[in-house]
Amino acid sequence: MKTVKVMRPIFNPEMESSFVLYPYQVYHLKLYYKRLGMKDRVVDYFAYVDLYRLGAERGDGFIELQEWEVEEKKVMEPLVGEEEARMKAFESAITWGNSRVVSWWLPRIEIVREERAYKVFWLYEKDGETLIMDSLDGKEYSLNAMTGKSGRKCRGPFCR
């Protein structure tokens, strides 16, 4: 068994289910901008870096985390290292910050908080089909469609 931090699920399937935990690195960053002739500016940025596909999303805050004790086989291993994830978060923060703050300089970045967190994907049977539900937005995906076994193009969070 392994203790991990998970993003608190918002949606759960109504029927009996299993789950898989998908890896993210979550950051709360502060960007400090120097500005000519104006007051310096500090902005907060929350980055959610996908440790499987190296994508970054901006959040409104630091998501609520829960500690779960799970079997190791339910936890997906990250394909992205910590340094690469941090650089992706910084890149995302700078791109967003520079679109809002006028400055001649790149911001100084401070990491306020950093956590490895896992997003829960529920696995369950419904009408004879295996489905996956995203625990944060409630969207359902057909496992066969995502793995390409149905002949359709793969769509969803587990496609590569």
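General observations
- Matching residues in region 2-25 - criterion: being among the β-branched types (Val, Ile, Thr) and either farther than 24 Å from Pro78 by Cα or crowded, with 21+ Cβ neighbours inside 10 Å (or both): Val6
- Matching residues in region 102-129 - criterion: being surrounded by 15 or more Cβ atoms within 10 Å (Cβ to Cβ) and either free of Cβ contacts under 8 Å to residues at least 12 places away in the same chain or within 25 Å of the chain's Cα centre (by Cα) (or both): Pro107, Ile109, Glu114, Arg116, Ala117, Tyr118, Lys119, Val120, Phe121, Trp122, Leu123, Tyr124
- Any hit, region 43-52, residues being touching a Leu at 6+ places or on another chain (Cβ under 8 Å), of a type in the set (A, V, I, L, M, F, W, C), surrounded by 13 or more Cβ atoms within 10 Å (Cβ to Cβ) and within 25 Å of Met1 (Cβ to Cβ): yes
A short reminder: the numbers here are calculations on the coordinates, not readings from a lab. It should be emphasised that the depicted structure is a prediction, and the values quoted were computed from it without experimental measurement. When we count neighbours, we look across all protein chains shown, and the Cβ atoms used for this are built from the backbone with ideal geometry, even at glycine.
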